[in-house]
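Everything on this sheet refers to the single structure shown next.
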Amino acid sequence: MSILDKAIAAVTPPVSDEKRAEAHAKARAAAEPDDWLSQVLDHHEEIDTAFAAVKAATKAVAWRKAEKTLGALLTGHSMAEEAVIYPALAQAGKQGHANTAYAEQTAAKMQMAALEVMDPMSEDYLDKLGHLEGAVKTHVYQEESDWFLDMKEKAPAEAQAHATARYREEAGRYFEGGLLISGVAGEDRSFAPDEPVETYQKPLG
């Protein structure tokens, strides 16, 4: 386990699936159709599905395809949150939460980048993937159980409307109609385990 993995594990203790489900359901109840919160929750669900697809892959080529989709999901979602939601969170008086959110997503990007140059069939890869998934789940739980509910309750209506429009705009750089754009429009996202995409190559040096 790397120093970064140990640091992430230390500051992101695991949250039970039951607590995560309760928080997600509570956030769904607070969201309105097509508002910023419902868009965020849609993306959280896609990220969960993408992690499951990576873990379900049994061949390196399928692993890489699922990994690329997961990486694009995490990047698109995080960039939209960082450009729109976290500044709004800070403006609502939650600067500390916003700072924590930025730091956690930066760490997740570093973990995702490390996975891209690892052998997907190795134990080290699975170990790092598990740490990344745990950190992302804990981060999502913080958002859904506390930070975003507080913002939804306390931010003025005009700020909510602005966040909805801007989040849709930013996420639209990676998503379209709630679906991931992963290089090819209309690409099959079923993660077929035997479909060839590319082979793993160790980095030079």
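Being within 16 Å of Ala50 (Cβ to Cβ), within 14 Å of the chain's Cα centre (by Cα) and touching a residue at least 12 places away in the same chain (Cβ under 8 Å): is that true of Leu115 here? Can you show your working first?
Details: within 16 Å of Ala50 (Cβ to Cβ): yes; within 14 Å of the chain's Cα centre (by Cα): no; touching a residue at least 12 places away in the same chain (Cβ under 8 Å): yes.
So Leu115 fails the test.
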Problem - Selection within the range 92-106 - crowded, with 16+ Cβ neighbours inside 10 Å and touching a residue at least 60 places away in the same chain (Cβ under 8 Å) - result: Ala92, Glu104
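Could you list all residues from the range 49-64 that are under 15 Å from the mean Cα position of the chain (by Cα) and either at pLDDT below 90 or buried (at least 17 other Cβ atoms within 10 Å of the Cβ) (or both)?
In the first step, residues of the range 49-64 are kept if they are under 15 Å from the mean Cα position of the chain (by Cα); the result is 49-54.
Passing the criteria: Ala50, Phe51, Ala53, Val54.
Evaluate the range 160-170: report whether one residue or more is outside any loop (DSSP other than H, G, I, E, B), in contact with a Gly (Cβ under 9 Å, 6 or more places away or on another chain), farther than 18 Å from Arg28 by Cα and not basic (Lys, Arg).
The first filter runs over the range 160-170 and keeps only residues outside any loop (DSSP other than H, G, I, E, B), leaving 160-170.
Next cut, in contact with a Gly (Cβ under 9 Å, 6 or more places away or on another chain) only: 170.
Those still in the list that are farther than 18 Å from Arg28 by Cα too: 170.
Subset that is not basic (Lys, Arg): 170.
Yes, because at least one residue in the range 160-170 is outside any loop (DSSP other than H, G, I, E, B), in contact with a Gly (Cβ under 9 Å, 6 or more places away or on another chain), farther than 18 Å from Arg28 by Cα and not basic (Lys, Arg).
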Problem - Any hit, the range 8-24, residues being at pLDDT 95 or above and of a type in the set (A, V, I, L, M) - result: yes
Exercise for the section: Consider Phe148 carefully, then state whether it is surrounded by 15 or more Cβ atoms within 10 Å (Cβ to Cβ), in contact (Cβ under 8 Å) with a residue 60 or more places away in the chain, within 22 Å of Arg20 (Cα to Cα) and in contact with a helix residue (DSSP H, G or I) (Cβ under 9 Å, 6 or more places away or on another chain). Expected result: yes
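The values are calculated or read from the model by the stated rules, or taken from the named source; none is laboratory data. Just so you know, these numbers come straight off a predicted model, no measurement behind them. Neighbour counts are summed over all protein chains in view; Cβ atoms, including those assigned to glycine, are modelled from backbone coordinates with ideal geometry.
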